[in-house]
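This report refers to the structure that appears directly beneath it.
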Amino acid sequence: MLFLITAAVAGLVSMSSQRLAAQYHPYDYITYDKHEVFLQYGAPTFQELSTQIRKETFVAKDGNTYLPSRFVYTGVAALGYNYYTSPYMSLGGYLGLSAAMMELAKSGTQKAVFKSSVLSITGLVTVHWIYYRTGLLELSAHAAGGLTRWIDEQEMIVPGSQDISSDTRKWRFAYHLSPLRVRWGSTFGVFADIGFGYKGVANAGVSVRF
């Protein structure tokens, strides 16, 4: 399945690139802006969706299963950079920071026993292509892959109870796919996109090209 998705994306990018190349005058390849710096905010992300919708469970030191009884999520604040190899293609990097807090209760009960504070730092390498542009309006898509550092620190919230929590620090594979990103502007622009992965289902931000 992953191979088929990758092949389909590669085919679409190739066809899109060929069509776009024909729209540009040779002079455009000299004058186009090669750099873009952006700030963005996104939510909800993989962490929130997996916990809230799938009700991800946790097995504590006592052998019992616990699940979230309350969840608070900050969203993802991020900064990034794109280098345009042509007027319509770019390679870039992304660094995002998010946090979450959840209380966990024993399965079948409502009483929270301990709380978990999660910090996630995500770095992605991004491939970005523009498939439509007119005036100040631009439509594009991107795919990204990288790593996220998952730091989970837990604390007992029931006075005098046995400590059954355990801190976790680990690396995870991170990804993001976005079929639609809308940008309005020239040197300075605002943008929004939809997708799925570690950036968030919906994102919005500002960018500067030079």
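The values are calculated or read from the model by the stated rules, or taken from the named source; none is laboratory data. All values derive from a computational prediction rather than experimental measurement. Quick reminder, even Gly has a Cβ in these numbers, built from the backbone with ideal geometry, and neighbours come from all protein chains shown.
Side notes on the structure shown:
- Only a single criterion out of (1) among the β-branched types (Val, Ile, Thr); (2) surrounded by 14 or more Cβ atoms within 10 Å (Cβ to Cβ); (3) modelled with pLDDT of 90 or more is not satisfied by Thr187, namely (2).
- In region 148-160 there is no residue matching the filter, namely being within 18 Å of Gly195 (Cβ to Cβ) and in contact with a helix residue (DSSP H, G or I) (Cβ under 6 Å, 6 or more places away or on another chain).
- All positions within region 142-166 that are within 21 Å of His176 (Cβ to Cβ) and touching a residue at least 60 places away in the same chain (Cβ under 8 Å): Ala143
- Any pair with Cβ under 6 angstrom, 6 or more apart, that starts in region 184-210 at a residue that is touching a residue at least 40 places away in the same chain (Cβ under 8 Å) and over 24 Å from Gly146 (Cα atoms) and ends at one that is surrounded by 14 or more Cβ atoms within 10 Å (Cβ to Cβ) and of a type in the set (Ser, Thr, Tyr): Gly189/Ser207
- Residue count for region 118-141, restricted to those that are loosely packed, with under 15 Cβ neighbours inside 10 Å and hydroxyl-bearing (Ser, Thr, Tyr): 2
- The residue of region 142-162 that is surrounded by the most Cβ atoms within 10 Å (Cβ to Cβ), among those that are modelled with pLDDT under 85 and over 13 Å from Ala112 (Cα atoms), is Gln162.
- Failed condition for Tyr83, given (1) within 21 Å of the chain's Cα centre (by Cα); (2) closer than 22 Å to Glu48 by Cβ: (2)
- Screening Leu124 with (1) closer than 19 Å to Pro68 by Cβ; (2) at pLDDT 85 or above gives one miss only, at (1).
- Selected residue (criterion: nearest to Arg172 (Cα to Cα)) from residues of region 106-117 that are of a type outside the set (Val, Ile, Thr) and buried (at least 17 other Cβ atoms within 10 Å of the Cβ): Ser116
Rundown of residues vs (1) modelled with pLDDT of 80 or more; (2) among the charged types (D, E, K, R); (3) closer than 14 Å to Ile130 by Cβ, yes/no style:
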residue	(1), (2), (3)
Gln47	no, no, no
Asn64	yes, no, no
Thr74	yes, no, no
Gly92	yes, no, yes
